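*Asks:* Below is the structure I would like to discuss, written out as structure tokens.
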Amino acid sequence: MSPIQTTMIQSAKQQDFISLFQAYFQEFSMAAPLAMFDMMDRDIKSHDIKIMMGYESGHPIGFCMFQIEPHENPWCMKVGAGDIRELFIIPGRRNQGYATILIEKVKAYFIAQGIHEILLTSDAHASFWKSNGFLPTGKTHPDNDGPIYRWLH
């Protein structure tokens, strides 16, 4: 595994993010038209959503979208908790530890902000989340029926 570099971006209109997000949506047989990124950019700014990009040798290989849950977020599971919204690594770089590196950096970001609880929903990859310290809560999210996982520091 080559070292991964990470950087936070402030816009969904950044080309590396657009390319990765379109690949992410393709895995669900969905399209991510360019107009969608204008809407995402507004959401990022209004809900203070963060995007951490991962790069290997200068090439984008993945991203993680996350935020501290605001009360006005329609997906809010717990006000003030961390929320990992999306995580994606390109297929050719999966199972090499890159996702874990992104998650560890996101955890460090939350801890630095005084946040010691992170929630997420995932209908797949339970073993990945458990190996990174996230445990199933036994609850599902009402909007997507995905099981809710929780990490505590």
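The values are calculated or read from the model by the stated rules, or taken from the named source; none is laboratory data. The structure displayed is predicted, hence computed values, not measured ones. Neighbour counts run over all protein chains shown; Cβ positions are idealised from the backbone, glycine included.
*Asks:* Are any of the residues in the stretch 1-15 modelled with pLDDT of 90 or more and in a helix (DSSP H, G or I)?
*Replies:* The answer is yes, given that some residue of the stretch 1-15 is modelled with pLDDT of 90 or more and in a helix (DSSP H, G or I).
Yes or no, residue by residue, for (1) at pLDDT 95 or above; (2) more than 13 Å from the chain's Cα centre (by Cα); (3) part of a strand (DSSP E or B); (4) hydrophobic (A, V, I, L, M, F, W, C):
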residue: 86; (1), (2), (3), (4): no, no, yes, no
residue: 99; (1), (2), (3), (4): yes, no, no, yes
residue: 106; (1), (2), (3), (4): yes, no, no, yes
residue: 114; (1), (2), (3), (4): yes, yes, no, no
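*Asks:* Let me ask something additional. Do the conditions hold for residue 44, that is, is it more than 22 Å from residue 101 (Cα to Cα), aliphatic (A, V, I, L, M) and crowded, with 20+ Cβ neighbours inside 10 Å? Show your work before the answer.
*Replies:* Numbers: more than 22 Å from residue 101 (Cα to Cα): yes; aliphatic (A, V, I, L, M): yes; crowded, with 20+ Cβ neighbours inside 10 Å: yes.
So residue 44 passes the test.
*Asks:* Another one. Tell me, which residue of the stretch 99-134 that is within 21 Å of residue 146 (Cα to Cα) and among the acidic types (Asp, Glu) is surrounded by the fewest Cβ atoms within 10 Å (Cβ to Cβ)?
*Replies:* In this case the residue turns out to be 123.
*Asks:* Right, next: Search the stretch 76-99 for residues that are in contact (Cβ under 8 Å) with a residue 40 or more places away in the chain and closer than 20 Å to residue 121 by Cα and pair each with any residue that is surrounded by fewer than 14 Cβ atoms within 10 Å (Cβ to Cβ) and among the aliphatic types (A, V, I, L, M) when their beta-carbon atoms are under 8 Å apart and the residues are at least 6 apart or on different chains.
*Replies:* Here the result reads 98/1, each pair linking the stretch 76-99 to a residue that is surrounded by fewer than 14 Cβ atoms within 10 Å (Cβ to Cβ) and among the aliphatic types (A, V, I, L, M).
*Asks:* Oh, and also: Inspect the stretch 38-52 for any residue being assigned to a helix (DSSP H, G or I) and either of a type in the set (Val, Ile, Thr) or within 12 Å of the chain's Cα centre (by Cα) (or both) and give the result as yes or no.
*Replies:* Here is the first cut: in the stretch 38-52, the ones assigned to a helix (DSSP H, G or I) are 38-47.
Right, trim to either of a type in the set (Val, Ile, Thr) or within 12 Å of the chain's Cα centre (by Cα) (or both) and you get 44.
Within the stretch 38-52, one or more residues are assigned to a helix (DSSP H, G or I) and either of a type in the set (Val, Ile, Thr) or within 12 Å of the chain's Cα centre (by Cα) (or both).
*Asks:* Hey, another quick one. For the stretch 116-152, enumerate the residues that are at pLDDT 95 or above and part of a loop (DSSP other than H, G, I, E, B).
*Replies:* Those that are at pLDDT 95 or above and part of a loop (DSSP other than H, G, I, E, B): 116, 132, 133, 134.
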